[in-house]
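Worksheet for the structure shown next.
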Amino acid sequence: MCFGRCARCIGYKLLILALLSIVANILLYFPNGETRFASEHHLGKYVECLHGILGGGFLVLIPAAVFIGLHNDDCCGCFGHEDCGKSCAMLSSALAAFVGILGSGYCIIISALGLSHGPYCFTRLERNWIYPFTESSGGYLFEYNKWSECQEPQNIVQWNVTLFSILLILGVIEFILCFIQIINGILGGLCGLCCSHEESFISIVLALLGVAFSGYSCIIFTLGLIQGPFCNSSSGWDYIFKDTAGGYLTDYPAWSRCTEPANIVEWNIILLSILIALSGLQLIICFLKVAAELKRTLCGTYSVFVQAGIL
């Protein structure tokens, strides 16, 4: 895989992520599809920061466009030297990736603050528009019984949590992709768009990142499966199976202790098992990719040494 092809692949991914980020930010302005809250200025301060439209959107579209059009950019030939021009183009893509880093970083920060601060809503206790969860420092995210304090807009807590979480995830992925392109652009600028040993190095780095993230996901999903769901029982909302060390998985009668949400134990077990299987498969594929690239690099180097010895 050449550096230029890798950059274009990243560019197309950033294009999709940026468009999704813009859509998610627009939806934040219209809770439940209603426009009156925006016109009445009853939106949270972090909703109006344009972090998805400006940060994760337009500022990420700039490097995406640069990466996609990289094969047409040779920096005016760099005084007639084509290879030099391609190297110059790759170095310029690293600068464009830095713009994407700034935009996605802004999206991440505002999304995290929006989740921590909570929504701006009308409450039954205060009979006024306030931030009811601002003192909880994000603790309200796990206190579902308090979400009903917000009367208007309806389901605003769920709406905000979902969209801010989506924007946070999109921002993190954009940040990682732009960071990878900075490395890719610098290496490509030093050795040109295509360079065999550097290709293997980039592939190994990307595969190791895949191993790290898929391994992390596999561990988290496994811990979630062992701990059990957060549900309502006779003693209130809690992780009622956390002390069983996963033993509840075969203790089917105990599943009925969770009264809310309905069938939450079965739901969690099925989905977490699927996610563990997918993460495990990703881990194996990425590990095999690392092994294959290492083998190609080492065997290629060995063959060169052997030929030199024969000569």
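Quick notes
- A full extension of the chain between Glu40 and Leu294 corresponds to an added length of 85.4 nm, given 0.36 nm per residue minus the alpha carbon distance.
- FRET efficiency, Glu266 to Leu125 (Cβ-Cβ, R0 35 Å, nearest 0.05): 0.45
- The packing ranking of peptides 249-261, 269-281, 10-22, highest mean first, is 10-22, 269-281, 249-261, where packing means the average number of other beta carbon atoms within 10 angstrom of each residue.
- For region 123-176 versus region 228-261, the gap between their alpha-carbon centres in whole angstrom: 26
Read-outs throughout are calculated quantities, based only on the coordinates presented, and are distinct from any laboratory measurement. Note that this is a predicted model, so its numbers are computed, not measured. We place every Cβ from the backbone using ideal geometry, glycine too, and count neighbours over all the protein chains shown.
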